[in-house]
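Right, one structure below, let's go through it.
The values are calculated or read from the model by the stated rules, or taken from the named source; none is laboratory data. Keep in mind that what you see is a predicted model, and the values were worked out from it rather than measured. Cβ coordinates were reconstructed from backbone atoms using ideal geometry, including for glycine residues, and neighbour counts include every protein chain displayed.
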């Protein structure tokens, strides 16, 4: 980013804060070069206090200096947020972290073909997320690299070639943290059933799941191999896996993820304009 540009956010909620906070901590942007358009006064005050950035109730001509505009409003608010700003948006790279809004809708409302869609997830708040990315053809290789640098403080990135694949990303990793916590809740309930406290169950479940994820990420072996290595025939793990298979848990998980994908498609139709 050069000194003549600003980085602009439309929406100043959790995801915007995760990106902005990471960039500032890494020294990749100066607070003086950031504008956030956020209609809610308490959130504007928090952004100023936490980050020292310029926070506006509504956009103005200063947005015309933005090299990149990051869209971080709720999908249902996108049209209302974009229309008053349109006159100042056309020269910027547009990066959306909104679920479900097709890139064509951003082109229509911003006047720019240089649009990148991102589907992040909530671990981005601690720098451990993964974001699926799709770029329209007008986005250059340098701009793709710039988007990767912007999102690097939030975790990993993964490019997809087809925009429709972002619905699958939404279903798998965007919604995925909720599936994980749902499983942890069930493990905690089982801990209580076995006589442990809920807090003991929480610590054991989260540490076990976190450690297993780290093991999987650091291993060249497949999850199937790693699972089989823990599952001795006739042992405790075998008993648990057999019960899960008998209850059709694997099929239920696949149905759940596909249901999330279908809903992502529906949201795009509802809010995409």
Checklist outcome for this item: Sole miss for residue 27 among (1) assigned to a helix (DSSP H, G or I); (2) surrounded by fewer than 14 Cβ atoms within 10 Å (Cβ to Cβ) is condition (1)
Item to check | When residues of the stretch 130-154 are limited to those that are in contact (Cβ under 8 Å) with a residue 40 or more places away in the chain and over 18 Å from residue 9 (Cα atoms), the one farthest from the chain's Cα centre (by Cα) | outcome: 139
Next on the checklist: For the stretch 152-164, check the following and say yes or no: at least one residue is surrounded by fewer than 20 Cβ atoms within 10 Å (Cβ to Cβ), assigned by TED's automatic domain parsing to the domain that holds residue 34 and closer than 23 Å to residue 54 by Cα.
Outcome noted: yes
Checklist outcome for this item: Matching residues in the stretch 56-88 (touching a strand residue (DSSP E or B) at 6+ places or on another chain (Cβ under 6 Å) and within 22 Å of residue 140 (Cβ to Cβ)) number 7
Checklist entry - For residue 240, are the conditions met, namely being in the same structural domain as residue 181 (by TED's automatic domain parsing), modelled with pLDDT of 95 or more, in a helix (DSSP H, G or I) and under 21 Å from residue 130 (Cβ atoms)? => result no
Checklist entry - Which strands (runs of 3 or more DSSP E) sit wholly inside the stretch 33-92 and have at least 1 residues that are under 21 Å from the mean Cα position of the chain (by Cα) and surrounded by 14 or more Cβ atoms within 10 Å (Cβ to Cβ)? => result 34-37, 66-71
Next on the checklist: Looking at 127, 90, can you tell me which residue is touching a residue at least 40 places away in the same chain (Cβ under 8 Å) and assigned by TED's automatic domain parsing to the domain that holds residue 10?
Outcome noted: 127
Checklist entry - Given the structure, is residue 15 outside any helix (DSSP H, G or I), crowded, with 20+ Cβ neighbours inside 10 Å and assigned by TED's automatic domain parsing to the domain that holds residue 126? => result no
Item to check | Residue in the stretch 110-122 that is modelled with pLDDT under 90, surrounded by fewer than 18 Cβ atoms within 10 Å (Cβ to Cβ) and not in a strand (DSSP E or B) present | outcome: no
